[in-house]
């Protein structure tokens with residue numbers, strides 16, 4: 001058996017997330033259907049993570065095993081065929097051979113998410129951003145984001161009743177960037193909890209509207225209570241932006 005990685009992207013609007021689920025349309029299902037059709041072998045993909053319904057991915061990795069072994073030229077030909085049959089909101093960029101122990105999920109060392117907030121009416125971005133009307137104190141929002149580096153337990157921003165062993169994460173980046181009529185929150189960590197980014201952004205918006213002070217933001221984190229944090233912003237503004245692996249990981 002040979003193992004392969006694929007690098008892909010998708011618009012999550014029409015999908016119930018990445019991971020295959022009973023009676024739900026998912027990105028994994030669409031890809032596996034096309035792979036199985038073109039390779040004529042049952043293919044099961046393992047993703048680098050799971051995105052929730054409506055969340056997008058500008059970069060996503062998955063691996064699979066096959067009894068076939070292709071060279072680089074054959075890989076490119078398969079990608080071309082896959083993209084011809086895949087829906088327009090999913091694209092495969094690369095496919096390459098990796099070691100039989102390589103794992104798209106467990107070998108990733110960090111992930112970066114971007115959350116887009118639309119400040120003005122824009123019909124071309126409305127379905128891909130969270131429209132927020134009103135005044136925001138972005139300086140205070142950045143000061144609150146800076147406080148995230150002081151903590152590792154993010155239970156207050158985790159979806160309740162998950163099956164994770166712990167809620168510990170190490171955050172490497174957390175900043176706001178103003179781009180024309182959009183605000184983009186960029187966050188990088190070694191791992192993320194279910195719903196974590198959307199809950200953090202929702203709570204930071206409460207700081208931005210001055211409903212929550214910086215001390216209050218710290219108290220929310222330290223309480224380890226999801227009920228005290230802000231609302232979860234809509235999925236349509238969230239993008240998995242980048243997935244990082246150890247240096248030279250993909251070199252053969």
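Quick notes
- Note: the chain, Cα convex hull, 140 Å³ per residue.
- Taking 243, 184 and counting other C-beta atoms within 10 Å, the order from fewest to most: 184, 243
- Degrees separating the helix 196-208 axis from the principal Cα axis of the chain, which is the longest one: 30 degrees
- With Cα atoms, 0 to 90° folded angle of helix 138-147 axis to the chain main axis: 70 degrees
- As a length-normalised measure over Cα pairs under 8 Å and 6 or more apart, the relative contact order of the chain settles at 24 percent.
- From least to most packed, judged by other beta carbons within 10 angstrom and beginning with the fewest, 236, 218 follow the order 218, 236.
- Using only Cα coordinates, the Kirkwood hydrodynamic radius of segment 110-242 works out to 14.8 Å.
- Gyration tensor (alpha-carbon) shape descriptor, segment 2-106, a/c threshold 1.5: prolate
- With an a/c value of 1.5 or above and a/b not larger than b/c for the gyration tensor axes a ≥ b ≥ c computed over the alpha-carbon atoms, segment 72-161 is described as oblate.
- In the chain, the DSSP-assigned H stretches of four residues or longer account for a calculated mean residue ellipticity at 222 nm of -7500 deg cm²/dmol, using -39500 (n - 2.57) per stretch and the full residue count as denominator.
- Relative contact order (%) - segment 2-106, alpha-carbon pairs under 8 angstrom, separation at least six: 43 percent
- Cβ-based exposure ranking for 40, 194, in which fewest neighbours within 10 Å come first: 40, 194
- Segment 165-252: translational diffusion in µm²/s, Stokes-Einstein, Kirkwood Rh over Cα pairs, 20 °C, 1.002 mPa s: 145 µm²/s
- Cα long-axis angle, helix 72-85 against the chain (0 to 90 degrees, to the nearest 10): 70 degrees
No value in this document is a laboratory result; all are computed from the given coordinates. Keep in mind it's a predicted model, so treat the numbers as computed, not measured. Neighbour counts are summed over all protein chains in view; Cβ atoms, including those assigned to glycine, are modelled from backbone coordinates with ideal geometry.
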